[in-house]
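Note sheet for the following structure.
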Amino acid sequence: MGVIVSLTTGNRINWFAVRVKSNRERVTSLGLTGKGYEVFLPECVRGMSTARGNPLFPGYLFCRFDVNRRLPVLTVPGVVHIVGVGKTPLPISEDEIGSLRVVVSASLPIKTDEVYTVGDKVQIDKGPLVGASGVVVGCQRKKLIVSITLLQRSVSVELPQDWIGQQKN
C-alpha cells in the first residue's frame, strides 16, 4: 500500500488584506460579511471613549477566504484588489491578525505612524513650506530630510515628520 498525500494545503483559508475604495471600508465590509466571509476592520478609538473611530488602515480591511476562490471577493462593490506581489495574494498570519485584535480590543487610543523611505514623494501640510512637495532623501531621528526643487535647483530641508502629509504617487 502506498502513502496518500493530500495537496489541499494550498486551499487553506487564510487572512488577506483587501484594498477597498476610499471611505468605503464599512460598506465593503458589510458586503463581504453578507456573502458569508469573515471580515476584520480594525478601527481607532476616539480619545478615551469607546466610540467607533476611523479605520486603523484607511483603504484596507482584512478578509478570510480560500485564495483559489477569490473571484467572489473581487466582485464585491468597493473591492479594488487583494494585496500581494503582482497577481499573487499574500496571506497574513493568524498571529498577526490575533495581535491586531488584541491591540484594537484594548480600547486605547491608537495612532499609526507614517513610514517614509528614501525616494518617497511627499506633500508638506504644515509649517512655513505648506503646499510644497518634495522627495525624501534621508531620515534622522523623528525628522525627514526632504529635497524640494526651487528655481531649477534642489534644496534639502530637515522637517518634523508631522509636517509631512500624504505620500504622492
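Points worth noting:
- Hz values of 3J(HN,Hα) by residue in region 59-70 - Karplus curve (6.51, -1.76, 1.60), Gly and Pro given as x: x, 9, 9, 10, 9, 9, 6, 7, 4, 7, 10, 8
- Formal net charge of residues neighbouring Val73 (Cβ-Cβ distance under 12 Å; K, R +1; D, E -1): +3
- Along region 127-134 the Karplus relation, 6.51 cos²θ - 1.76 cosθ + 1.60 evaluated at θ = phi - 60°, assigns HN-Hα couplings of x, x, 9, 3, x, 6, 10, x Hz to successive residues, with x for each Gly and Pro.
- Couplings for region 29-42, taken from phi via the Karplus curve 6.51 cos²θ - 1.76 cosθ + 1.60 with θ = phi - 60°, read 4, 5, x, 5, 4, x, 8, x, 8, 7, 10, 10, 10, x Hz in order; Gly and Pro are left as x.
- Protection proxy ranking for 74-80, 28-34, using the average of other Cβ atoms within 10 Å per residue and placing the highest first: 28-34, 74-80.
- Counted residue by residue at 0.36 nm each, then reduced by the alpha carbon distance between them, the extension gain from Val85 to Asp162 reaches 24.7 nm.
- A cut-off of 5 Å between modelled amide H atoms, ignoring neighbours fewer than 5 places along the same chain, links Ala132 with Ile124.
- For Gly84, residues with placed amide H under 5 Å, excluding near neighbours: Leu90
- Amide H to amide H, with H built 1.01 Å from N, Asp120 comes under 5 Å of Val136, counting only residues 5 or more places away or on other chains.
No value in this document is a laboratory result; all are computed from the given coordinates. The structure displayed is predicted, hence computed values, not measured ones. So basically every Cβ, Gly included, is an ideal-geometry build from the backbone, and we count neighbours across all protein chains shown.
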